[in-house]
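Only one structure is covered here, and it is reproduced in the block below.
The values are calculated or read from the model by the stated rules, or taken from the named source; none is laboratory data. Treat the numbers as computed from the prediction; the structure is a model and nothing was measured. Quick reminder, even Gly has a Cβ in these numbers, built from the backbone with ideal geometry, and neighbours come from all protein chains shown. The accessibility values were calculated without ligands, DNA or RNA, using every heavy atom of the protein model including side chains. Shrake-Rupley method; radii C 1.70, N 1.55, O 1.52, S 1.80 Å.
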Amino acid sequence: MTTTAQNIDKRLEEILTSVSDPEIPVLSIMDMGVVRSAIIKDDMVHVEITPTYSGCPAMDVIGDDIQKALAEADYKSRVELVLAPAWTTDWITPKGRRALEAYGIAAPLNEEADKNVLLGGKQLVKCTNCGSKNTRMVSQFGSTACKAQFQCNDCQEPFDYFKCLK
Amino acid sequence: MKNENLYNYILGIADNNLILGQRLGELCGHGPSLETDIACTNISLDLLGQVRSYYQYASKLKGEETTEDSIAFLRKEREYVNVLLVEQPNTDFAYTIVRQFLFDIYHNLFLEELQKSHDITLTAIAKKSIKEANYHKRFSSDWVRRLGDGTPESNAKIQEAIDNLWTYTDELFHQTEADKAMVKEGIGVDVTLLKSKYYEIVNEVLTEATITVPDTKWFQKGGKNGIHTEHMGYLLNDMQFMQRTYPNMEW
Ligand SMILES: [Zn+2]
């Protein structure tokens, strides 16, 4: 696991956890790993978030949602987008991975397995509907930048796979 | 402006992404299949996302009333310094894929070096972007192989696109004044050093794709100095329409 410690003030944790990814509403931004730091300094909350992909249109919304949630708890806040260190799918928490699967998005495999399914055509991605590994990639790109399209050969369910990003 | 060379240097990188992103965006709803349509627009989105990081940085350097939007939408044709390759029209899927392939190989080599820049903002953008650029390269190289080594018709189309776009490849390795200044300061990438590796990789993929590598020695240039092909005006017209018609509009 890439260890780049998050620096989150305990008092803010619950509020930030209540904010979800606008494209995957069941997933908290905290479980997504996009919040890198949140500190209180001089009556102002400073939050740093990092994008999953450069063009992720959700980042602006996430920034606004964070400010709204903090305002409800009477905090003034400033949200800044940071690029380094670059986000990786390793930062999605186990709870986040379960939320993705429950939502119908297969969670990212490790780097090597990911390469095997995206380039080698190996069947390692589990269908989110029936659990079968008899699945195939339909396209390397999916409905958003972070996903690829898959389909289950057994139950025919089409589903997204969250690509591994290192 | 204090950092004029750095400002120009950033535009030299970012304008390529912007114009190629715009070209790919034109395919939204017009791709040859749903999957390739989504792929091209996804790549476009990545490139435009990268552009925002570059232009935000550039606008900070420039100060005054410059914003990422004014850099993107309110310059005149001569002020864009992208290479001619990226402004070439989509024509058909062979041209779209070959243009992408010729750019992606360069883009990856370039970002690999930019990661070592002494400028921490550029390093951060490069580290973020290279992951995406690498995925683009896989996609475009796969399609060049698949179509080149496909049917006689798909082979002929890829060959035609390579023959026509080849003349725009050499410009990727030309240095501007801003390039030279930034290389000296350890901030910029010396693109002349990427050239042999570039053609080595490109030739390898083309050979696998059973495509003949053109042997032309005559190359087009000008984009890096703001002298563009006839396609650029139409592209800008389309891209800038909203901001020019409704100044300062926001979504
Ligand atoms: Zn299934």
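A few points about this structure:
- Test result for B:Asp170, among the charged types (D, E, K, R), modelled with pLDDT of 95 or more and open to solvent by less than 50 Å² (accessible area, probe 1.4 Å): yes
- From the options A:Ile49, A:Ile8, A:Ile39, A:Ile105, residue that is touching a residue at least 60 places away in the same chain (Cβ under 8 Å) and among the hydrophobic types (A, V, I, L, M, F, W, C): A:Ile105
- Taken together, the criteria exclude A:Gly142 from residues that are open to solvent by less than 60 Å² (accessible area, probe 1.4 Å), in a loop (DSSP other than H, G, I, E, B) and within 16 Å of the ligand (Cβ to nearest atom).
- Within region B:120-233, helices (runs of 4 or more DSSP H) holding 1 or more residues that are over 30 Å from B:Asn3 (Cβ atoms) and either more than 14 Å from chain A (Cβ to nearest Cβ) or under 19 Å from the mean Cα position of the chain (by Cα) (or both): B:120-148, B:152-165, B:195-208
- Those residues of region A:151-166 which are within 16 Å of the ligand (Cβ to nearest atom) and open to solvent by less than 10 Å² (accessible area, probe 1.4 Å), in sequence order: A:Cys152, A:Tyr161
Yes or no, residue by residue, for (1) more than 30 Å from B:Gln159 (Cβ to Cβ); (2) away from chain A (no Cβ under 12 Å); (3) in contact with a helix residue (DSSP H, G or I) (Cβ under 7 Å, 6 or more places away or on another chain); (4) open to solvent by 10 Å² or more (accessible area, probe 1.4 Å):
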| site | (1), (2), (3), (4) |
| --- | --- |
| B:Gln22 | no, yes, yes, yes |
| B:Ser53 | yes, no, yes, yes |
| B:Glu65 | yes, yes, no, yes |
| B:Ile71 | yes, yes, yes, no |
| B:Glu87 | no, yes, yes, no |
| B:Tyr106 | no, yes, yes, yes |
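- Conditions (1) in contact with an Asp or Glu (Cβ under 6 Å, 6 or more places away or on another chain); (2) away from chain B (no Cβ under 14 Å); number of the one not met by A:Gly33: (1)
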